[in-house]
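**Student:** Quick one: structure below, then a few questions.
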Amino acid sequence: MEPLTHALTSLLLARAFQRYLPPMGAWMLVVAGVAPDLDYLSYFAGPSGFLRFHRTLLHSFSGCIVL
């Protein structure tokens, strides 16, 4: 998925469950939903860097724990 899709899906979930979230819970949910897409920054490392790092560490279970 693209980062925009992750952000909109997270926002949709935040709106659906807003009564169960803390005051800044919606923003926390959106940030957490978009955080794995930080690996898009590997695009600036060139084609080989992008292919090597895109959807690796941050899209794994260990990346989930780190984020």
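**Student:** Looking at (1) within 10 Å of the chain's Cα centre (by Cα); (2) hydrophobic (A, V, I, L, M, F, W, C); (3) open to solvent by 100 Å² or more (accessible area, probe 1.4 Å), which one does Ala35 not meet, given that it meets all the others?
**Tutor:** It is condition (3) that Ala35 fails.
**Student:** Has region 7-21 got at least one residue that is open to solvent by less than 70 Å² (accessible area, probe 1.4 Å), hydroxyl-bearing (Ser, Thr, Tyr) and modelled with pLDDT under 90?
**Tutor:** no
The values are calculated or read from the model by the stated rules, or taken from the named source; none is laboratory data. The model shown is predicted, which means the values in this text are computed figures rather than measured ones. For the accessible areas, the whole protein counts, side chains as well, though only heavy atoms, and no ligand, DNA or RNA atoms are used. Shrake-Rupley method; radii C 1.70, N 1.55, O 1.52, S 1.80 Å.
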